[in-house]
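The values are calculated or read from the model by the stated rules, or taken from the named source; none is laboratory data. Owing to the predicted nature of the structure, the values given are computational and were not obtained by experimental measurement. Glycine also receives a Cβ, built like all others from the backbone with ideal geometry; neighbour counts cover every protein chain displayed. Each accessible area value is taken on the protein alone, full model and side chains, heavy atoms only, with ligands, DNA and RNA left out. Shrake-Rupley method; radii C 1.70, N 1.55, O 1.52, S 1.80 Å.
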Protein chains: 4
Amino acid sequence: MSVLSVDLNCDLGESYGLYKIGNDEEVLKHISSANIACGYHAGDHNVMMETVKMAKSHGVKIGAHPGFPDLHGFGRREINMSPREIYNLTVYQIGALSAVAKACGTKLVHVKPHGALYNMAAKDKLIADAIAEAVMDMDSELVLFGLTGSWLVKAGEEKGLKVAHEVFADRNYQPDGTLTPRSSANAMVHDEEIATERLLRMVREGKIQAVDGTDLEIKADTICIHGDEPHALNFVKKLKQALEYEGIAVGKSWVAK
Amino acid sequence: MSVLSVDLNCDLGESYGLYKIGNDEEVLKHISSANIACGYHAGDHNVMMETVKMAKSHGVKIGAHPGFPDLHGFGRREINMSPREIYNLTVYQIGALSAVAKACGTKLVHVKPHGALYNMAAKDKLIADAIAEAVMDMDSELVLFGLTGSWLVKAGEEKGLKVAHEVFADRNYQPDGTLTPRSSANAMVHDEEIATERLLRMVREGKIQAVDGTDLEIKADTICIHGDEPHALNFVKKLKQALEYEGIAVGKSWVAK
Amino acid sequence: MSVLSVDLNCDLGESYGLYKIGNDEEVLKHISSANIACGYHAGDHNVMMETVKMAKSHGVKIGAHPGFPDLHGFGRREINMSPREIYNLTVYQIGALSAVAKACGTKLVHVKPHGALYNMAAKDKLIADAIAEAVMDMDSELVLFGLTGSWLVKAGEEKGLKVAHEVFADRNYQPDGTLTPRSSANAMVHDEEIATERLLRMVREGKIQAVDGTDLEIKADTICIHGDEPHALNFVKKLKQALEYEGIAVGKSWVAK
Amino acid sequence: MSVLSVDLNCDLGESYGLYKIGNDEEVLKHISSANIACGYHAGDHNVMMETVKMAKSHGVKIGAHPGFPDLHGFGRREINMSPREIYNLTVYQIGALSAVAKACGTKLVHVKPHGALYNMAAKDKLIADAIAEAVMDMDSELVLFGLTGSWLVKAGEEKGLKVAHEVFADRNYQPDGTLTPRSSANAMVHDEEIATERLLRMVREGKIQAVDGTDLEIKADTICIHGDEPHALNFVKKLKQALEYEGIAVGKSWVAK
């Protein structure tokens, strides 16, 4: 009998030069996959090296977290680029982090686009295809992380990549399966008990209640968590306990597609 | 009987966004190794992709050309960094270009530091060691290019890398084997006939006459040429003819150390 | 009797470090206003200083050409920013160029947003207002250049600024007065004779024939020209001759609103 | 009878995009002059605008804090540049912050170079002259801050600028008046009581005991303090109390040269 499992992922290595963001050392104790910035929207060659070493020492899987070349906007601003250019920048960033991983005696397990690139890849088939193609061309064993049900995971599956459907711990869903926009009053799930219950149900039953009360089918291979505030970190600890209490293993082997 | 051979290398892929530098398509017809900028001092993910494709289609070997993160100074300004940071930025840039090469169905053959990093690695053992270590950690088959007789080639040899002693087509040498500084009146060899004669002698006899008239032992595995001016490109054509006329093959197999 | 006049403007000072763009010295012989890049989408402190000096020595009026902070995209990619941030970056760039002008013993006459910022300011009232407010807060004597009939010139007029309605030498117009999109087959006017005739009519009669044959009212205070190709430069020379032959002075005093 | 006074200055506005550094709101309660980063080594157009507003609302004088264009190195790495380029980048940055100040209804009072530029200007007459010339060309009323006794203050005085001799609250001095290098074991004065006593003596008597026990003449117009740690901030509070207890006013009018 297979054991239920779910991956917990978090963005890491977002510091830059003297500028520090996040609480990486602490977050690494609680997650199974680290999305490491690659020097475009955040991170630099020094931060990448330190972060990969830290993740390795905590036994946390690492992945590339490519973003737009926009440090000032932290990769959160949409920039119009051709799919060809998005392919190129994805290749570049995966390559840079792969080399850092090699220098540390480890290797990448996954790729998850960052910020505006993630959002655009969810909605835009051409961008999704460009990213999936870049990942495949780099290493067909890499797991592509994308918003559950998005163009990005479809593109990955089409290319023959392993994909991870990603869900968010604290967000509501529309009847069509998309995230309730942040501009809506009910975008977020603030109650931690409820958020935990919803996550457990997604993992066990593959279902989530949308904002209109209907039940949606949803895949939840990996949960995106935040760790930059004491509050957020505390929630992660509780979520992990709840998962373990329910017999759900934290972490994925990614062996089967 | 082994045939004499020498590599001709040139810096390529130095354009950035809309900014164009060089005459890459034309230069590629005349060289055997292309040093491709990796996005730090010059180049970007698009330029790198195009340049690797072009080099491949011309049968020219490609190498990473890592430099300081200083686009405004084109990597020509010395920046004080720890050997650890130089190791990290070398790894990053080799990784980025390796990925681009992989996407193009080819791979890197060599690494040559750029500009101020090249000069600092020639004189500073710690920097030389950091670069050689980074190259070795990435791929022990990579050939490290450095100024002939410099700390950089020594560091490469010590690590067990294949190295290429590099000479310059148009520079004079001091009695101690270093380049006559550009600040000196006789830094350059302007006469093309003389420059060609000197290069032929370096390749065939391993000797060069220093500015004081004494003969120096010198290794000349690869010749650095420039191709961004009609004049420079014309010299390269003549040099190539002269080499071939003398039975010296252009290009290296780099098989033996 | 007032003499008809029209300003000829061109983007200048777009080089960056070792990267050269344009033919500024030559273009300056033919224009009356230079839009000088301010270090965000192009230009740097050295290029700005040289360009202002050159423009001054040619008796050409200078203006700030603020753009998005996107050297790699040359300011041509739309970036979502709040009006507040657009106000801030406009202030910053006008200030930087004003200081350079002061160091050269001259001062700014106008401001023209660049690339994507120009296009967004034409269509988006909030962005137009932010730019006009920034210009007014810096110096109420500055002339704001914007696409003829656009939100930007309206915003400038509303704030009490002098504005210059800008037309393009080589573009067709839609019946509603907007530029025919570049994606359309008939976006451009390629025939130089026709282009010249159209410009003369815009200046003298304030009219232009739209792509559907109808006549539009149009204001033409300043004509945007290009000077980076021999062909373009040649057209400017001919246009200038035609204007002078018709008794239209090149250059504006901008005294009256 | 004139009242003794001394200025307390601190570096502010060093955040960048999402990256936060410092505790500006708190520090502003305790200082009389704020050195505001200008977007080269730190800061951006948004941070500059907010910081100037905050300083104004606290009645703190503002000054430009120009640095090398090196966000990754935070302006702390020496970069070789010609005096001409240093003049240009100083003009650019003063201009950018002046415009921001104008937008906020205030103006700059002083200029203090940052990090490596400050250190190089202390030791190198050509760099000192370039900065002093840039300040003078921008506004002859600006006060130039430099290390006490350095080339920078000499250059400022020679140009006819008001200058402020700057001392450090926690550093030891060599017999020749230079700072004891940070590489020396006794570079720092760790004891707050002793540091306070030394500062009081510098302000009142113009004297400081060097590391060899000899007494040096020293000018102390402004004291550089740090505010990014609770410890540092606490020291500033105590120092201010001690100054006031001794009848020394915090803040300078800079009226007389």
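Can you give the accessible area of B:LEU71, probe radius 1.4 Å, in Å² rounded to 10?
Roughly 30 Å² of B:LEU71 is accessible to a 1.4 Å probe.
Taking a threshold of 32 Å on the Cα-Cα distance, which of the pairs A:LYS56/B:LYS125; A:LYS107/B:LYS154; A:LYS219/B:LYS56; C:LYS107/D:LYS53; C:LYS112/D:LYS29 fall above it?
Details: A:LYS56/B:LYS125 30 Å; A:LYS107/B:LYS154 30 Å; A:LYS219/B:LYS56 43 Å; C:LYS107/D:LYS53 26 Å; C:LYS112/D:LYS29 40 Å.
Pairs exceeding 32 Å: A:LYS219/B:LYS56; C:LYS112/D:LYS29.
What nm distance separates the two modelled labels at A:ASP215 and D:SER183, each placed 7 Å from Cα along Cα→Cβ?
Each label point lies 7 Å from its Cα, and together they span 7.2 nm.
Keeping every protein chain present and rolling a 1.4 Å probe, give me the accessible area per residue for the protein assembly as shown in Å².
In whole numbers, the protein assembly as shown has 40 Å² accessible per residue.
What are the trypsin sites (Lys or Arg not before Pro) within region B:108-176 that DSSP puts in a loop, where the Cβ has at most 13 other Cβ atoms within 10 Å? Write down the numbers at each step before the final one.
Working: sites: B:LYS123, B:LYS125, B:LYS154, B:LYS159, B:LYS162, B:ARG171; in loops: none.
Counting only loop positions with at most 13 other Cβ atoms within 10 Å, none of the trypsin sites (Lys or Arg not before Pro) in region B:108-176 qualifies.
Taking the rotation axis that maps chain D onto chain A, which residue of D brings its Cβ closest to that axis, and at what distance in whole Å?
Closest to the axis: D:TYR19, 2.
Answer rounded, prolate or oblate for chain C, using the Cα gyration tensor with square roots of eigenvalues a ≥ b ≥ c: rounded when a/c is under 1.5, else prolate when a/b is larger than b/c, else oblate. Write out the running numbers ahead of the final one.
Numbers: a/c = 1.42, a/b = 1.23, b/c = 1.16.
The shape class here is rounded.
Do any residues of region A:45-79 show a loss of at least 30 square angstrom of accessible area between the isolated chain and the full protein assembly, using a 1.4 Å probe, and if so which?
In region A:45-79, residues shielded by partner chains: A:HIS45, A:ASN46, A:MET49, A:LEU71, A:HIS72, A:PHE74, A:ARG77, A:GLU78, A:ILE79.
Quick check: Cα centre of region A:1-55 to Cα centre of region C:149-170, how many Å?
Their Cα centres are 49 Å away from one another.
If the label for C:ILE194 sits 7 angstrom from Cα along the Cα-to-Cβ line, what are its distances to the same label in every other copy, in nm to one decimal, shortest first?
6.0, 6.4, 8.6
Mind grabbing the interface size between D and C? I mean buried accessible area, both sides, 1.4 Å probe, in Å² to the nearest hundred. Mind showing how you got there, number by number?
On the way: alone 12200 and 12180 Å², together 22470 Å².
So the buried area, both faces added, is about 1900 Å².
Over the heavy atoms of A:TRP254, what accessible area does a 1.4 Å probe trace out, to the nearest 10 Å²?
A:TRP254 exposes around 20 Å² with every protein chain in place.
Running a GNM on chain B with Cα contacts under 10 Å, which residue among B:HIS45, B:HIS114, B:HIS190 ends up with the highest mean-square fluctuation?
B:HIS190
Of D:GLY206, D:GLY149, D:GLY247, which is the most mobile in a GNM of chain D whose springs link Cα atoms less than 10 angstrom apart?
D:GLY247
Run the label-point distances for B:PRO230 please: 7 Å along Cα to Cβ, every other copy, nanometres, shortest first.
1.1, 7.2, 7.2
When a/c is below 1.5 the answer is rounded, else prolate if a/b is larger than b/c, else oblate, so apply that to region B:164-249 with a ≥ b ≥ c taken from the square roots of the Cα gyration tensor eigenvalues. Walk me through the numbers on the way to the answer.
Numbers: a/c = 1.87, a/b = 1.22, b/c = 1.53.
In terms of gyration-tensor shape, oblate.
Indicate the residues belonging to region B:89-123 that lose 20 Å² or more of solvent-accessible heavy-atom surface (probe 1.4 Å) upon moving from the chain alone to the assembly of all protein chains, ignoring ligands and nucleic acids.
For region B:89-123, once contacts with the other chains are taken into account, B:VAL91, B:TYR92, B:GLY95, B:ALA96, B:ALA99, B:LYS102, B:ALA103 lose 20 Å² or more.
Taking the alpha-carbon distance from B:LYS162 and a cut-off under 15 Å, which aspartates and glutamates remain once sequence neighbours fewer than 8 residues away in the same chain are dropped?
Correct list for B:LYS162: B:ASP7, B:ASP129, B:GLU133, B:ASP137, B:ASP139, B:GLU141, B:ASP221.
Just to confirm the numbers: A:GLN174, label point 7 angstrom along the Cα-Cβ line, distances to the other copies in nm, shortest first?
Relative to the other copies, A:GLN174 has label-point distances of 2.6, 6.7, 6.9 nm.
Which percentage, to the nearest 5, of the DSSP beta bridges contained in chain B is antiparallel? It would help to have the intermediate numbers written out before the result.
On the way: 6 of 32 bridges.
Counting only bridges with both partners in chain B, antiparallel ones make up about 20 percent.
Of the candidates A:SER140, A:SER82, A:SER15, which one comes out as most mobile in a Gaussian network treatment of chain A with C-alpha springs shorter than 10 Å?
The residue that fluctuates most here is A:SER82.
Is region B:78-127 rounded, prolate or oblate when judged by the Cα gyration tensor, a ≥ b ≥ c being the square roots of its eigenvalues, rounded requiring a/c under 1.5 and prolate requiring a/b larger than b/c? List each step's numbers first, then the result.
Details: a/c = 3.10, a/b = 2.17, b/c = 1.43.
Taking the square roots of the gyration eigenvalues as a ≥ b ≥ c, region B:78-127 is prolate.
Take the Cα radius of gyration of the protein assembly as shown and divide it by 2.2 N^0.38 Å, with N its residue count; two decimals is plenty. Mind showing how you got there, number by number?
Details: Rg = 31.2 Å, N = 1028, 2.2 N^0.38 = 30.7 Å.
It is 1.02.
How do C:VAL3, B:VAL91, C:VAL211 stack up against each other in accessible area, from largest to smallest, with a 1.4 angstrom probe?
Largest accessible area first, the list is C:VAL3, C:VAL211, B:VAL91.
Sticking with the crude label model, points 7 Å out along Cα→Cβ, report the distance from B:GLU157 to C:ALA249 in nm, one decimal please.
Inter-label distance under the simple model: 7.6 nm.
Hydropathy first: keep DSSP H helices in chain B averaging at least 0.5 on Kyte-Doolittle, then drop any whose Cα extent along the axis falls short of 15 Å, and list what survives.
On the way: long enough: B:45-57 (18 Å, -0.28); B:83-103 (30 Å, 0.34); B:125-138 (20 Å, 0.97); B:192-205 (19 Å, -0.59); B:230-245 (23 Å, -0.39).
Span-like helices in chain B: B:125-138.
How large, in percent, is the carbon and sulfur part of the accessible surface of the protein assembly as shown at a probe radius of 1.4 Å?
Working: 20730 of 41150 Å².
Carbon plus sulfur share of accessible area: 50 percent.
When Cβ neighbours within 10 Å are restricted to other protein chains, what is their mean count per residue of peptide A:17-30? Please report the intermediate quantities before stating the final value.
Numbers: counts 10, 12, 12, 3, 3, 0, 0, 0, 0, 0, 0, 0, 0, 0.
Across the residues of A:17-30, the mean count of other-chain Cβ atoms within 10 Å is 3.
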